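For reference, the structure discussed in these notes is given below.
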Amino acid sequence: PLLTSTRGAGRLFMEAVNIGSRKIILTIGGSATVDGGTGFARALGYQFLDSQGHEVPEGGHGLLNVARIVFPDQKPWHDIDVVVACDVDNPLLGTTGAAHVFGPQKGADPEMVETLDRALGCLHNVLSEQHGIDMATIPGAGAAGGLGGGLTAFCDARLLPGVDIVMDMVDLREAVDGADLVITGEGRTDSQTAHGKVCTGVAREARQAGIPCIVLSGAVSGSLLAFKEVGISAAFSVSPRPQTLEEAYADAENQIVEATANIVALFQAGR
């Protein structure tokens, strides 16, 4: 986690720019990086220098020594609509930020987490003091190890909830109109669900239409009261009995069908 870089994503972005794309949607999350998007930016021509004018090493750890950021002379993506689909609203820094929340998912131990949080703070300070760019206050800046914030700083990107982008693409609002019940789901429903996840977005649309929304997930943990605050009427696990993860995967389709049938039967009985 101290060394991994987002440079590869930046190279893909530049390929899209070079073939003449007019709109680019970057879907971020599930990364193995905590570098604030600086690897991505390096692929675009940005330089991250220490106090002696030398390039700092790639990865989050190297940002501890960043003292100056050199922006490229040419920005061929300037006229391109760059949209970032992001399913969390975590900030860049602090206990709910990139390092503390997502660092352990990428293999960071507690010491690494503190190091990475300080490193991202150094990046933020340089951007703020030298270029007037405040990454720390942007909701979603902490996504993908700080890539969300980096994209706003280095690509003038717009950070939007991924669920909103997908809901527009599949015309969800039109589908919900006139329905009696909305059923959605995810792999695990927990405390992260309320922070911009798919189920929350779907539940929001259902609530606005006055329709109950039920969540079916592989596992459920957390408070029903917290789920209800974001429009989720109830949340259920599809797993009917104790079983291994392998068993759950193998029987997932049947379990989803059975759980859905039970939910609909209960809904009809209550009408």
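The values are calculated or read from the model by the stated rules, or taken from the named source; none is laboratory data. Here the structure is a predicted model, which is why all the values come from computation and not from measurement. All Cβ positions, glycine included, derive from the backbone under ideal geometry; neighbour counts span all protein chains shown. Keep in mind that these areas ignore ligands, DNA and RNA; they rest on the heavy atoms of the full protein, side chains included. Shrake-Rupley method; radii C 1.70, N 1.55, O 1.52, S 1.80 Å.
Observations on the model:
- DSSP bridge pairs, the chain: antiparallel proportion in percent, nearest 5: 15 percent
- The range 204-249 versus the range 40-89: alpha-carbon centroid distance in Å: 39 Å
- Put a dot 7 Å past the Cα of residue 74, heading toward its Cβ, do the same for residue 244, and the two dots end up 5.7 nm apart.
- Note on the chain: Lys pairs 8 or more places apart or on different chains, Cα atoms under 28 Å apart, count 4.
- Simple Cβ-charge dipole of the chain, Lys/Arg +1 and Asp/Glu -1, about Cα centre, in debye nearest 20: 200 debye
- Cut-off 14 Å between beta-carbons: net charge of the residues surrounding residue 4, Lys and Arg +1, Asp and Glu -1: +1
- Per-residue ellipticity at 222 nm computed for the chain from its helices equals -12000 deg cm²/dmol, with DSSP H segments shorter than 4 residues left out and the rest contributing -39,500 (n - 2.57).
- For the chain, the longest principal axis of the C-alpha atoms and the axis of helix 143-155 are separated by about 50°.
- Between residue 228 and residue 260, the modelled labels are 2.7 nm apart [label points 7 Å from Cα along Cα→Cβ].
- Whether the range 8-73 is rounded, prolate or oblate, judged on the alpha carbon gyration tensor where a/c under 1.5 counts as rounded: oblate
- Protein heavy-atom accessible surface, 1.4 Å probe, per residue over the chain: 50 Å².
- Formal net charge of residues neighbouring residue 211 (Cβ-Cβ distance under 10 Å; K, R +1; D, E -1): -2
- Listed peptides 140-150, 2-12, 58-68 by packing density, highest first (mean Cβ within 10 Å): 140-150, 58-68, 2-12
- Applying 1/(1 + (r/R0)^6) with R0 = 22 Å to the Cβ-Cβ distance of residue 125 and residue 96 gives a FRET efficiency near 0.70.
- The H on the amide N of residue 84, modeled in the peptide plane, is under 5 Å from the matching H of 26, 158, 159, 160, each at least 5 residues off or on a different chain.
- Efficiency of FRET between residue 173 and residue 25 - r from beta-carbon atoms, R0 22 angstrom, step 0.05: 0.70
- Helix axis angle, 252-269 relative to the chain longest principal axis, alpha carbon, degrees: 50 degrees
- Principal axis analysis of the Cα atoms in the chain yields extents of 72, 41, 32 Å, listed in decreasing size.
- Gyration tensor (alpha-carbon) shape descriptor, the range 97-225, a/c threshold 1.5: oblate
- Pairwise FRET efficiency - residue 52 versus residue 114, Cβ, R0 = 22 Å, nearest 0.05: 0.30
- Relative to the longest principal axis of the Cα atoms of the chain, helix 198-208 runs at roughly 60 degrees.
- The residue list 80, 112, 136 was ranked by how far each Cα lies along the charge dipole of the range 1-136 toward its positive end, using unit charges on Cβ atoms, and 80 comes out on top.
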